[in-house]
Amino acid sequence: MSIDPCPTLIAAARQFYQMGWMIGTAGNLSARISDNNFWITGSGCPKNQLTADDFVLMTLNSDKGEFNSTPTQSDSQKRPSAETSIHAAIYSLFPDTQVCYHVHSIENNLVTRFTKSDALPLPPLEMIKGLGIWEENPQVTMPIFTNHSEVSRIASEIYTRFKDTKPQVPALLIRDHGVTVWADSLERASNYLEVVEYIFRYMIASQKVGMEIS
Ligand SMILES: [Zn+2]
């Protein structure tokens, strides 16, 4: 990404905050600027009032199957998001990925309770096309991961599972925690997030009226 992504990330965070998806300091947004560098929101920053100083530039150490990352400047005032390892795993797995968004909404927490398995079946809505699925009546699932208190363990499980099996959609859920989407552009990442949150709202609304959606 040749342009500075931070102004767009600031605007996206404000929008997601207003949607109720980044309440308090929750959630984290990142954008890659070269093969091995990405900007990510700092730890503990209110997402409705980010400034350019609230981002930390990370270096991805993706050689030999690793996916960890370290701050590019060790004297940085800001600490990177506690969930940076999840972003690092996604950037390491998918070289075309430029942007990774992770948010906590009530809906994306609730839907992980709809199944005990490690994948959530999604209803075959028209909106699924927004995630790049163009089949008629598609049978699509979204991976669910366990919410370990040690985030690096979540990241490690994402890396291990996706290395063997690519997900059908560019999104994953962590149970009772939140959703993560990734894309090759800032605009597409926002679109994906809006689409998955729409699908989650639909699933909750349909369950309220006892409708069969599969
Ligand atoms: Zn989170």
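Listed by first and then second residue, the pairs linking a residue in the range 36-48 that is more than 14 Å from residue 103 (Cα to Cα) to a residue that is among the aromatic types (Phe, Trp, Tyr) and assigned to a strand (DSSP E or B), with Cβ atoms under 8 Å apart and 6 or more places separating them unless they lie on different chains, are 39/55; 42/55.
Residues are listed down the side, and each one gets a yes or a no for (1) within 29 Å of residue 6 (Cβ to Cβ); (2) touching a residue at least 40 places away in the same chain (Cβ under 8 Å); (3) in a helix (DSSP H, G or I):
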residue: 124; (1), (2), (3): no, no, no
residue: 141; (1), (2), (3): no, no, no
residue: 155; (1), (2), (3): yes, yes, yes
residue: 160; (1), (2), (3): no, no, yes
residue: 182; (1), (2), (3): yes, yes, no
residue: 187; (1), (2), (3): yes, no, yes
residue: 192; (1), (2), (3): yes, yes, yes
residue: 206; (1), (2), (3): no, yes, yes
residue: 211; (1), (2), (3): no, no, no
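How about the range 162-180: which of its residues are in a helix (DSSP H, G or I) and under 16 Å from residue 29 (Cβ atoms)?
Of everything in the range 162-180, nothing turns out to be in a helix (DSSP H, G or I) and under 16 Å from residue 29 (Cβ atoms).
With the structure loaded, tell me whether residue 70 is closer than 20 Å to residue 44 by Cα, out of contact with any Cys (no Cβ under 8 Å at 6 or more places or on another chain), modelled with pLDDT under 95 and not charged (D, E, K, R) or whether it fails that test. Judged against the criteria, residue 70 is a match.
In the set 196, 151, only one residue is under 16 Å from residue 89 (Cα atoms) and touching a residue at least 40 places away in the same chain (Cβ under 8 Å); that residue is 151.
Report whether or not residue 115 is under 28 Å from residue 146 (Cβ atoms) and at pLDDT below 95. Spelling it out, it is not the case that residue 115 is under 28 Å from residue 146 (Cβ atoms) and at pLDDT below 95. When the range 101-117 is filtered for residues that are touching a residue at least 40 places away in the same chain (Cβ under 8 Å) and of a type outside the set (Ser, Thr, Tyr), the ones remaining, listed by number, are 102, 103, 104, 106, 107, 108, 109, 110, 111, 113, 114. Within the option set 82, 11, being among the aliphatic types (A, V, I, L, M) and within 28 Å of residue 176 (Cβ to Cβ) holds for one residue only, 82. When each of 80, 138 is tested for being surrounded by 18 or more Cβ atoms within 10 Å (Cβ to Cβ), farther than 12 Å from residue 196 by Cα and at pLDDT below 95, the lone residue that passes is 80. Scanning the range 19-45 for residues that are exposed (fewer than 14 other Cβ atoms within 10 Å of the Cβ) and over 17 Å from residue 179 (Cα atoms) turns up 34, 35, 44.
The values are calculated or read from the model by the stated rules, or taken from the named source; none is laboratory data. It should be emphasised that the depicted structure is a prediction, and the values quoted were computed from it without experimental measurement. For neighbour counting, all protein chains shown are included, and Cβ atoms are generated from backbone atoms with ideal geometry for every residue, glycine included.
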